[in-house]
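These notes concern the structure reproduced below.
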Amino acid sequence: MKAVVSRSLISGVVLAPPGKSLMQRACALALLNNGVTRIFNPGKSEDDLAAISIIQQLGAHVTSGKDYMEVISNGQIKGPALLNCGESGLSCRMFAAIAAISAQEMVIEGRGSLLNRPMHFFEKFFPQSGIEVHMTNGRLPMRLKGPMKQQDISIDASGSSQYLTGLLFAMSGIAEKRLHINVTNLVSKPYIDLSLQMLKDFGYWLTHEKYQRFVIEPADKKQKAISYTIEGDWSGAAFYMVAAAIAGTVSIKGLHYDSYQADKAILQVLKKAGIRYSESKDELVVFSADQINAFEFDATECPDLFPPLVVLALFAEGVSVIKGVSRLIDKESNRTEALKDVFTTLGGKIRIDNDLMYISGKAELNGGEIDSFGDHRIAMAAAVAGLKSKSPVQINNAGVIAKSFPGFYQQLILLGAKVELINE
């Protein structure tokens, strides 16, 4: 599919998509729960659907209601199983650890960009816990066979916090005694805060010492019923916040201000850039700005904000600086090069210097034809940029937004944006 976005003014109300980071974690915890779990406001992105399929393969029974999904599980991991993670790095890293609870052989595979993302962590860690693992050059497919030993472990979490999330979930599910995970070089701490809070919501008890030593207590294995609501996704909503800043006024519903999501940090950037917004219990309203101030921001802990922040910076007065480029290499694309290529093509100016990205602002972009690089966030960022470009922005391979936000273009159209969707 192609999407063509023309210069537009927008206004109206949108609903933030369900947070896929929460949805995938909720699926995993529902699988580990001995009982019935009702997940309200369930996500329907491709990553969410991959997680749902995986828990079914591992033994959970899933049904859907009007506004909820019900998961019935005995807390045991069923095997052998073939688990397809689609293009979801989180599902791969999280469910690999959970699958390793079982003594049955499991095969984990994926498609597209996930096949090129390195997973050397498993080759290093799994043998320490008695888990057989076979991969080729640290890439999928992965064949593994547990069971995971109940023992203290030490890991280097510099590659991704998602590995630690998987281990926290898996070890919480099997712990019959106190277990410890010693961690060095942890990145993306807010995502671990999110995982810890969700574990608590599902009845587990964990503590940590400055994110360097995690203590897992034995959990109550009695059958229990759990209800959990998926809150709105701050990373998806960030694109509408930037769209409002450059092209109109948008009210966004479904966000939680007390959220543990790392991408809530977008509010800090709006303040730095001089973008007005108002908060109420039910909505966040972002207003267009006559002038956007250049800003500096460290996105190391929230790298998914890079694409919308680059768009905001392109329309600011002066040069903005975003730190954390090193976190962009192994995403759905090499997001550093993709951002530079796409927005240079559209008439922007971006310079990379080690871990810093310098973006020169201007009144408007030229427009043009770009490729999404198979990256959902690149496609959404380019679409937002089209709202304030001289000529239309044509996005090839635009359907990749289904990975995280299937309704993105439709909601943009409802706001008044001129968007033409062309099926090929």
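We did not get these values from a lab; they are worked out from the coordinates using the rules stated. Source: prediction; values computed, not measured. Cβ placement follows ideal geometry from the backbone for every residue including glycine, while neighbour counts extend to all protein chains displayed.
Separation of the alpha carbons by more than 23 angstrom is noted, of 44/264; 2/340; 44/340; 145/224, for 44/340; 145/224.
The angle between the Cα long axis of helix 161-174 and the main principal axis of the chain comes to about 30°, on a 0 to 90 degree scale.
Just to confirm a number: summing +1 for Lys and Arg and -1 for Asp and Glu over residues other than residue 151 whose beta-carbon lies under 12 angstrom from that of residue 151, what do you get? Let's see the in-between values first.
Working: positive: 149, 177, 178; negative: 152, 176.
Residues near residue 151 contribute +1 overall.
Residue-wise HN-Hα couplings along the stretch 223-239, as the Karplus relation 6.51 cos²θ - 1.76 cosθ + 1.60 with θ = phi - 60° gives them from phi, are 5, 8, 9, 10, 10, 9, 10, 7, 7, x, 8, 5, 5, x, 5, 4, 5 Hz; Gly and Pro carry x. Residues considered: 233, 371, 48. Largest GNM mean-square fluctuation over the chain, using C-alpha springs under 10 Å, is found at 371. With only Cα atoms counted, the chain has Rg and Dmax values of 21.4, 63 Å.
Karplus-based coupling profile of the stretch 37-45, in residue order and whole Hz: 10, 9, 9, 8, 6, x, x, 10, 6, with θ = phi - 60° in 6.51 cos²θ - 1.76 cosθ + 1.60 and x standing for Gly or Pro.
Rounded to the nearest 10 degrees, what's the angle between the helix 46-57 long axis and the longest principal axis of the chain, both from Cα atoms, 0 to 90? For 46-57 against the chain, the angle is about 10 degrees. Once both labels are positioned 7 Å from their Cα atoms along Cα-to-Cβ, the gap between residue 354 and residue 115 label points is 3.7 nm. Available extension along the chain between residue 36 and residue 344 is 105.8 nm, counting 0.36 nm per residue and deducting the alpha carbon span. Here the Karplus relation 6.51 cos²θ - 1.76 cosθ + 1.60, evaluated at θ = phi - 60°, turns the backbone of the stretch 260-265 into coupling constants of 8, 5, 4, 6, 4, 4 Hz, with x for every Gly and Pro.
Where both residues lie in the chain, what percent of DSSP beta bridges are antiparallel, nearest 5?
Numbers: 53 of 80 bridges.
Rounded to the nearest five, the antiparallel share is 65 percent.
Could you give the C-alpha radius of gyration of the stretch 34-86 expressed as a fraction of 2.2 N^0.38 Å, taking N as the number of residues it contains?
Numbers: Rg = 11.2 Å, N = 53, 2.2 N^0.38 = 9.9 Å.
In units of the 2.2 N^0.38 Å rule of thumb, it is 1.12.
What does the extension gain come out to for residue 291 and residue 185, with contour length at 0.36 nm per residue minus their alpha carbon separation?
On the way: separation 106, 0.36 × 106 = 38.16 nm, distance 3.92 nm.
Contour length minus Cα-Cα distance gives 34.2 nm.
Each Lys or Arg adds one and each Asp or Glu takes one away; over the other residues whose Cβ falls under 11 Å from the Cβ of residue 394, this sums to -2. Subtracting the Cα-Cα distance of residue 229 and residue 76 from 0.36 nm times their residue separation leaves 52.7 nm of extension gain.
Dividing the summed helix terms, -39500 (n - 2.57) for each DSSP H run of n ≥ 4, by the number of residues in the chain produces a 222 nm estimate of -9000 deg cm²/dmol to the nearest 500. Only one residue of 94, 27, 182 has its Cα farthest out toward the positive end of the dipole of the stretch 20-219, where Lys and Arg carry +1 and Asp and Glu -1 on Cβ, and that residue is 182.
Amide H contacts of residue 298 (H built 1.01 Å from N, in plane; Pro and chain starts excluded): 323 sit under 5 Å, all sequence-distant by 5 or more or on other chains.
Computed from the C-beta positions of residue 44 and residue 258 and an R0 of 30 Å, the FRET efficiency is 0.75 to the nearest 0.05.
Only four residue types carry charge here, +1 at the Cβ of Lys and Arg and -1 at the Cβ of Asp and Glu. Report the dipole size of the stretch 20-219 about the Cα centre in Debye, rounded to the nearest 20. Could you put the intermediate results ahead of the total?
Working: 20 positive and 17 negative charges, 23 e Å.
That gives a dipole near 120 debye.
Database note for the chain: Cys without another Cys beta carbon under 4.7 angstrom, 27, 302. Ranked by how many other Cβ atoms sit within 10 Å of their own Cβ, fewest first, the residues 420, 231 fall in the order 420, 231. In this simple spin-label model, placing a label point 7 Å from the Cα along the Cα-to-Cβ direction at both residue 123 and residue 151 gives a separation of 2.2 nm. Charge tally for residue 196 (other residues, Cβ to Cβ under 14 Å; Lys, Arg +1; Asp, Glu -1): +1.
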